[in-house]
Structure formats: structure tokens, C-alpha cells
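Reading through the C-alpha cells given below for one structure.
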Amino acid sequence: MKFIGKLSLFVLVASGFGSNLSAQRLNYPATYRGPIKDIYFGTTVADPYRWLEDENLPETKKWIADETRFTEAYVRRYLDKYSLERNLLLNSYASFGTIHRSGAYYFDYEWRNEEGPQLFIKKKLKQDGIAVVTPHEYATDNKNNVILGTYAVSEDNKYLAFSISHSGSDWKEIRVKSLYPFHDQEDLLTGVKFSNIAWSGNGFFYIRYVLEGQNALKAISDKPAIYYHRLGTAQAADTLVFENKDNPLDILHFNVVSSGKYLVIYSSHRESQKTARDVYAVDLQGNEKGRKRTLITSTANAGFDVLGMYNNKFLVKTTLDAPRGRLLLLNPGVANDAEEFISQYNEVLHDAVLAGDKLVCLYLSDIDYVTVTFDSSGKVVHKNSYPSGSSVSLTAGDHEEPNVLLYYTSFLHPPVVYEYDTHTLTETLVQQTEILYNYRDFETKKVYYTAKDGEKIPMVLAYKKGMQRNAQNPTILYGYGGYGITMTPFFSRGFLMHMQSGGIIAVPCLRGGGEYGEDWHHKGSLLNKQNVFDDFISAAEFLSTERYTCKDKLAIMGGSNGGLLVAAVINQRPDICKVAIAEKGVYDMLRYDKFTIGYASAREFGSSADSVQFSYLYKYSPLHNVKDSAAYPATLIITADHDDRAVPLHSYKYAATLQEKNRSDNPVLLFTEKREGHNADNIYTEAIIYTFIYGMMNMDMTQVRNAYYRPAR
């Protein structure tokens, strides 16, 4: 239904109308209620703000602009008081540990000058790089925010293919640049989404989606296909390598392994409740026209990641019959012909890379990281444990090289990069960020609390040394709990600023994550999603009971799946905190799968097309569970106009509903970022978020503004 010219049908809900006392006090922008209703399995569900799904309606555009002005006006009273942009800028370090190896080169992605972030290339690990890609040079206008995606060097080390996105969208274009000397090639590929780049011969593989003239930021992204692009040719001449016509909503991924000998294709099924995959191998060594695709494995119960060739077989990291992960060797020519190479341990296998004749595995042991090095027979030759309260990741270049790059970080400092030599079994410092504070003035602590059903949940806290448990510490409780993603400590300029101002950061490892393997994930997904909300509520109660903070000094925060978490929690327990920050979440759980790539999350949440899953979704869907008589905390909802993953219509409808029904004096604000996407990194937005938190908590102005900066000793 189109709504232009039909707004007279709607009931007006605005600051000067009706009985919404909170709206009367805060004078929210006028918002119309429409008559739309849907019926699900005999249940009638009203959707009065459906018109906000159409961002092209003049009424919708005006409403969004009015909401943004309202939010900025409200927060402005605190912006000058706290002046947070300066502090955040000082914590935005240029020299992050982002070194990656591709081909014969090393790359850094850094912000070194006023030109913004650039990709730097170097021939030796400890050299200073020179700029090879400056994203903003590809901007369509002076407001266009261009972000670098993935990149890869050709087999002959003469070319760099890289992807960029405009204004934060998931849609990307791929460009090519010659190396030494640097020169843009004519190659330009569009329609690219969720794709890596893998070279083979004088071209590369990539994934593109069919758009067919629809709204690129909202239409369902389906029919993915893998193509091969030959350097110097038009995209129209690209070769179709793989598509799944029978299942156009399947998710595709690929990689090239064993020094370019094999293309491995993964096709993930939307219907599965787990991580079903068909995995194929294409031998790239023969004649291009004679290449055949061989099924390596097919299962509905596990994920697979082919690392490369080992002992003439595919080495595969998998959760097949091993929820904490193990490594198998698969026969290249026979489907499902596997033998175990590294068995499942009590620890969770987080990652694994091949390096020369060694295999380096990264494990999680009760959310602490351990690296284990195996030789070609599967014998352990080295172990290394890392301090509690930190995170480790690893990456390798060519599998024939013996060295691995290790990234070490925590809430206390940005990444530090080490090179691990699998021959000498030693680590050497490569790069660390020059910081403007002494990280030794802060500390982390791992604690455990008991969830509603008795499950033990770990949580990492970070704060200034000497912190007193007096129930008065301003605390940010940050959560995610989904998709099997591990939430171990990470560096955040906002978190650091909060600790510098005397606050506490608390991040629990909620069920739904991957901290304890796939079983932990499944305990917080689909019909178990309520466990995630209960775990988060229990974390808030623990922080108050143990006198780290109190309700009036607690802010809860989450983005993406964490935005959904925050919104669901304040519906169920609006008394749990003083402030709630919900960033770029999905809030209409009955319609989320109708937009862009939302259908891919049916394995995580379920779908309203299924009667059982509908009943469960309807019970916690944030949009449908806002209470008419509840006093909500001060709430700030953040979205972005180019977010085509968690489309902004979710935030619009949820904000309108919460503004209508909130019965407290606390504000409910909506802020829409312009020309930004799902993973925006915007200091102004972050300043608004923390200014809102500090203003609602009435934090001491001097303590915040005088957060000190001095080099680490």
C-alpha cells in the first residue's frame, strides 16, 4: 500500500496530542499511526508505522530529519559541557596493528594525515610503507565516504585488486591497480557484495548479486554467483563459475588454497538451523574449459573451512561431530572421505593457519587464548598462553612461508603485532601503536556470575586501578550474544575514554556467542534466544549486587545483534538501567527477513513464516513488546541511512513506538547517520552517544574533560 495522499486515514500521535505525558514534556516530532495489520497463523498484528518503511515518502523524509534535529537539539545542552570529541580523537590512533601479507608484500591500513585512511604497501615487514590506495580519491562527491574492503595481490605480484564501498553500503565495486609503478587499471566491477578476491592466473574470482533495478539499500539480495574476471576485460565478459539456481537464497563463499591449485566453493543453506554446507573443489591446474567441480562434503550439521593441502589431502577445520572444533583430512576426489588429523579438545578451536611444514592453531580456554603448533604428523611441538583479559588473532601469507602474524589486544591498548617463526618457535615484536596514555594505569578482571537458569557466565571488566566498589561507578555493560561470534576484549576509543573518566567497562560472554563452541551458540539461538536476554539481565544485576555500580549509574549498550539485545531487554526489564544505547539493530522480528540479506539470519532467529518460530519471535520482538504503561530508561537509538544490513526502517518504527508509549520523563531519541552504513566509524556519532550517557547520569564534568594523556612508560 502506498501512503502518499492518504495520511488523513491515520491517527496523529504527537507532542501536543493524545495522552502521552512523556511526549508532551519532550515535544517529539509528529508521528502518524496507520491502519496496517497482518495476520500470522490466526494472530492479528498491528503495524501502525509501516509507512516509515518507505524512505522515499516525503512524510518519511521529513520525519527522519525532524527526529535528527530533535536529538541534536536535546544532546547539544551537554555537548559543550563534556567536549568529548577531543578525547575521542586523541584515542583514535593512526598506527593500528593492521599488517597483512598478500603475495610478496605487506600492507598497513592507517590514517596518517588529513587525507584519511590509506592502504600502505611495503616489501619488508619492518619498513615504512608508501600509500598505494587512497580511498577518498574514488569518491563520487565531497560528501561520499569511501571505505576500503578486501584486497589481494596477483600471483605474479604485479597487480593489486581491491574493493571499496560508498557511504558504508555492503555493495562494493572492485578496482585494480598495477604495482611499482602504481597505476589504476581500467577494470571496474560492480554489483559485488559479501565477496573476497582470489587471484588465479591473469584474473581473479569474486561474488556478485542480482539487483534488477530495485532499491539497492533495501531490496532482498539474492541469486549470488561466483565469477572469474580476466584482467583487462569488460565485466560483461566475466565467466560464470558457480550459482545455485535451485536455491537462490543460499549464501556463497570461496577461497583459493594450496598456492592457487584449488578453488574451494561453499554453499550454505538458508533452511538449516545450523551451518549446513555443500563444499566443492575445482582443480585449477588443468585446462580452463575442462575444469570439473567435485563435491568434497555435504552436511546439515556443521561448518567447514578448507585451510589448504596437507599430506596431499584437504586440511579442514570443522565442527562436524565436534562442537568445539577439530581438523580433518578430506580426500580431494571422493565426497565425505575423511580422516581425523587433530581431534577435538576441551578448548575451543578458534582459528588455524598453515605455515610451511607446521600448523598453528588458536584455541580458547575459558575465554583465554592459547596457540598450539603441530608438525606434519599432528604432534604438538609448541604451546603459548596469553594473559587473561586479552584477545589474539592470527594470519598467514603464502602457506609455504613459515611465519605467522599474531595480533594481541585488549580493552587497555590497541593491537600489538608479533611475527611468530614456526621454525624457531619464537615471537618477535613487529609493530605497536604509540599511545598517549599509560595502559598500566588500568586493569582487567575476569568474573563469573550465575544466569537465571543456573548457567555460569564469564564477564570481563576493565577500569582504572584503585577503583572502589562503592556502587557509584558509571558503568557501560556491552553485549552481543549471537551468530557464534566470540566477544573477548577489544580496543575501543570510547571504552578507553570512559575508563579514563573513572568508569567501568563490562562485557559478558552471553550464550549465543562462540566462546565455548557451537553448543554455547545454540543455547542462545532460535528457540533459545531468551537465554541471551536473561544472561544480559543477570549481568546487570550482578554488577549492582557486587556494588560495582547501581541502576542509576548503569548504561547498557549493543550494536547490530547487540542492538536487538538492548531493545528486547528494556522491554522486559525497563528498570534495569539508567541509559540504553541500541545501535543498528533489527527490531521487527516478524519482517526482518524481507529486506536485503535479512533472510540469511533465519538460521539464527527463525522466521515468522513458521508457526512455532512465529510464536517465539512474537514474544520478544522489540517492536511488538513495547509496554503501554512502562517507564523506560533514557534511550538513544542509532541507525544509518546507508545501512543495508540492519536496514534503518527497524529503528524508525521502533523509535516511533517507544516515543508513543513511554511513560517516564526519560527521553527516547533517534539519531540517523548520513552517508554511513552498518559498520560506520564516526567520531561525531560516538560523541553524541557518550554525551547522552554522561548527561543522563549527570557525570562530573571536570572528571570527564580532564581525562589525562601521557605516554606509556
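Determine, from the Cβ-Cβ distance of D128 and D375 and an R0 of 25 Å, the FRET efficiency 1/(1 + (r/R0)^6), rounded to the nearest 0.05. Once the sixth-power term is evaluated, E becomes 0.10. Would you mind checking K193/K313; K158/K218; K218/K551; K158/K193; K143/K193 for any pair whose Cα atoms are more than 27 angstrom apart? Beyond 27 Å between Cα atoms: K193/K313; K158/K218; K218/K551.
Less than 5 angstrom separates the built amide H of A352 from those of L362, all sequence-distant by 5 or more or on a different chain. A crude spin-label estimate for the pair T44 and D321, with each label 7 Å from Cα along the Cβ direction, gives 5.4 nm. A simple spin-label model places the labels of Y345 and A609 4.2 nm from each other, with each point 7 Å out along Cα-to-Cβ. Couplings for the stretch 640-649, taken from phi via the Karplus curve 6.51 cos²θ - 1.76 cosθ + 1.60 with θ = phi - 60°, read 9, 5, 10, 7, 10, 10, 10, 4, x, 4 Hz in order; Gly and Pro are left as x. Extension gain, N698-H100: 0.36 nm per intervening residue step, less the Cα-Cα distance, totals 210.9 nm. Using θ = phi - 60° in the Karplus curve 6.51 cos²θ - 1.76 cosθ + 1.60, the 3J(HN,Hα) couplings for the stretch 137-144 round to 5, 9, 5, 7, 7, 6, 9, 7 Hz; x is entered for Gly and Pro.
Output the relative contact order of the stretch 350-434, whole-number percent, from Cα pairs under 8 angstrom with separation of 6+ residues. Across the stretch 350-434, relative contact order equals 21 percent.
Between the amide H of Y632 and those of R663, S664, distances stay under 5 Å, these residues lying 5 or more places away or on another chain, with hydrogens modeled in the peptide plane. Coupling constants for the stretch 443-457 follow from the phi torsions by the Karplus curve (6.51 cos²θ - 1.76 cosθ + 1.60, θ = phi - 60°), and in residue order they are 8, 10, 8, 9, 10, 10, 9, 9, 6, 4, 9, x, 5, 8, 10 Hz; glycine and proline get x. With both residues required to sit in the chain, DSSP beta bridges show an antiparallel share near 85%.
To the nearest 10 degrees, how steep is helix 530-545 against the longest Cα principal axis of the chain, on a 0 to 90 scale? With rounding to tens, the tilt is 70 degrees. Take every pair of alpha-carbon atoms less than 8 Å apart whose residues are at least six positions apart; their mean separation over the length of the chain yields a relative contact order of 12 percent. First measure r as the distance between the Cβ atoms of K289 and K627, then evaluate 1/(1 + (r/R0)^6) with R0 = 60 Å and state the FRET efficiency to the nearest 0.05. Efficiency at R0 = 60 Å is approximately 0.40.
The H on the amide N of Q118, modeled in the peptide plane, is under 5 Å from the matching H of E110, W111, R112, each at least 5 residues off or on a different chain. Here's the picture: charge each Lys and Arg Cβ at +1 and each Asp and Glu Cβ at -1 in the chain, and of G168, I99, M697 the one pushed furthest to the positive end of that dipole is M697.
Please sort by residue number the GluC sites (Glu not before Pro) in the stretch 389-444 whose DSSP state is loop and whose Cβ has at most 13 other Cβ atoms within 10 Å. Counting only loop positions with at most 13 other Cβ atoms within 10 Å, the GluC sites (Glu not before Pro) in the stretch 389-444 are E400, E434. The alpha carbons of the stretch 350-434 occupy a box of 38, 28, 18 Å along the principal axes, longest dimension given first. Full extension of the chain segment joining V210 with K456 gains 84.0 nm, where the gain is 0.36 nm per residue of separation less the Cα-Cα distance. Taking label positions 7 Å along the Cα-Cβ direction at both T426 and W111, the computed distance is 3.7 nm, reported to one decimal. Here, the chain has an Rg and a Dmax of 25.6, 76 Å when only alpha carbons are counted. Here is how the number arises for the chain: DSSP H runs of 4 or more residues each give -39500 (n - 2.57), the sum is divided by the residue count, and the result at 222 nm is -5500 deg cm²/dmol.
Each Cα pair under 8 Å and six or more residues apart adds its sequence gap; the mean of these over the residue count of the stretch 128-277 is a relative contact order of 13 percent.
Just so you know, all these numbers are worked out from the coordinates, no wet-lab data involved. Note that the structure is predicted; figures quoted are calculated from it, not measured. All Cβ positions, even for glycine, are placed from backbone atoms using ideal geometry, and neighbour counts span all protein chains on display.
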